[in-house]
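To start, the structure itself, in structure tokens.
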Amino acid sequence: MICLGALTIQHPLYIPDLPTTVSRKYAYADDLATMHVDVDWEAVEGALSKDMGTVGEYLQTWKLTLSTTKTVSAVFHRNNKEAKRELKVNFNNETLPFWSEAKYLGVTLDCSLTYRELLESLRKKLKSRVALLRRLAGSGWSAEATTLRTAILALVHSTAEYCTPVWCRSACTRLIGPAINDALLIVTGCLRPTPAYNLPILADIQPAELRRIGAALSRGRRAMDPEHLLPSALTCPLCADAHRLKSRHPFVPAAQQLNSFCDNNNIRAAQWADHQWNAEWADNSTRLRIFIPDTGTQPPECPSQEEPGSGLTASAPVADVSGSACTTGVWPPLRTLSVTQKNKPSTMFSFNVQSIDLSMDCMA
């Protein structure tokens, strides 16, 4: 069982001078978390209460004030029989508030570390941002595919990847998948029946799952630094300490496996996601591989052509996706085909050649 107490200190200059406590301390900027591990509830409550008294004396010495509104206690365990039990940690003869879902550094930590509440709130945030992008794509601002791709990376993926090394192995990550797919539909212009596994390759964006695992690998690589907080945990054998919470998919074993894979295959951490994506795409049986043989394929620029009698200017010729090979031998920039009406530069609509083929595959 792990218990967490959060404490806010007014200035980070005081952090190196913190007193010695029974529980371990984790500090970032002006936030301090104290954690104690034990199988007995009374032992955890006694240790944290004693440490809070020690910290209280330290604050009184330096004329600092404890932020009582942000100081809470929380407990993490897998015992369903004790799910409704509250931790009682005392400070100045008062019991600190108990939160079943504590928030630390923007991450909501539930009792069993499923991160469901965190991902549920993240899903709502992503839906609002996708709605903004949908308005941008449907407006008269002539939002091209490159602009939409940049906007999605900045607004959607940056939000969806906050602290991913912590929660990327949770089963609840499926909650944010539909919102990310909706964003990819916007940038590619594909129809909704398009298979979800084809959307990343059409948008030229790595799949969200690989991006999350790649972030965990990058964090694990940086943690190998001897001055980092986690080097001893990452260099120990895969059998974790028995006193640690038995998480469903802990970070340390996952980081060790990823580091071993990169070392055995001579792959840098920055290249791991591209390597995995290319391997998965090579095993895909979709006909889309006719036009995009690998994930690193960069489509060439195509000259503008005017379709006679239509009054439309196309950025690339339409490829025949019904056969076994592309009849034109060229591919539109950013894997999309944009059409702009003459004399009306503000009116532009875009569609994707593959969406026709893939949608018919689904409806057949």
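Quick note: the coordinates plus some simple rules give every number you see, no bench work behind them. Just so we're clear, the structure is a prediction, and the values are computed from it rather than from any experiment. All Cβ positions, even for glycine, are placed from backbone atoms using ideal geometry, and neighbour counts span all protein chains on display.
With neighbour counts taken as other beta-carbon atoms within 10 Å, the residues D31, D283 rank, fewest first, as D283, D31. Between T286 and V39, the modelled label-to-label distance comes to 5.0 nm, taking each label 7 Å out from Cα in the direction of the beta carbon. At an R0 of 22 angstrom, the distance between the Cβ atoms of D294 and N264 translates into a FRET efficiency of 0.45.
For the residue pairs K70/K124; K50/K84; K25/K124; K63/K88; K63/K84; K81/K127, the alpha carbons lie more than 28 Å apart in K25/K124; K63/K84; K81/K127.
For the range 86-91, the Karplus equation 6.51 cos²θ - 1.76 cosθ + 1.60, evaluated at θ = phi - 60°, returns couplings of 9, 7, 10, 10, 9, 8 Hz by residue, with Gly and Pro reported as x. Under a 5 Å amide H cut-off, with hydrogens placed 1.01 Å from N, A102 pairs with L109 among residues at least 5 apart or on other chains.
Over the Cα atoms of the range 2-109, Rg to Rh with Kirkwood Rh, two decimal places? Kindly include the intermediate steps, with their values, before the conclusion.
Details: Rg = 13.4 Å, Rh = 14.1 Å.
That ratio equals 0.95.
In terms of packing, defined here as the mean over residues of other Cβ atoms within 10 angstrom, the peptides 162-174, 54-66 line up highest first as 162-174, 54-66. For the range 17-128, the relative contact order is 19 percent, taking Cα pairs closer than 8 Å that sit 6 or more residues apart in sequence and dividing their mean separation by the residue count. In order along the range 259-270, phi translates into HN-Hα couplings of 5, 5, 5, 5, 5, 6, 9, 6, 10, 6, 4, 5 Hz, rounded to whole numbers, per the Karplus curve 6.51 cos²θ - 1.76 cosθ + 1.60 with θ = phi - 60° and x for Gly and Pro. Close amide-amide hydrogen proximity is noted between R78 and no other residue 5 or more places distant or on a separate chain, at a cut-off under 5 Å (H modeled in the peptide plane; Pro and chain starts excluded).
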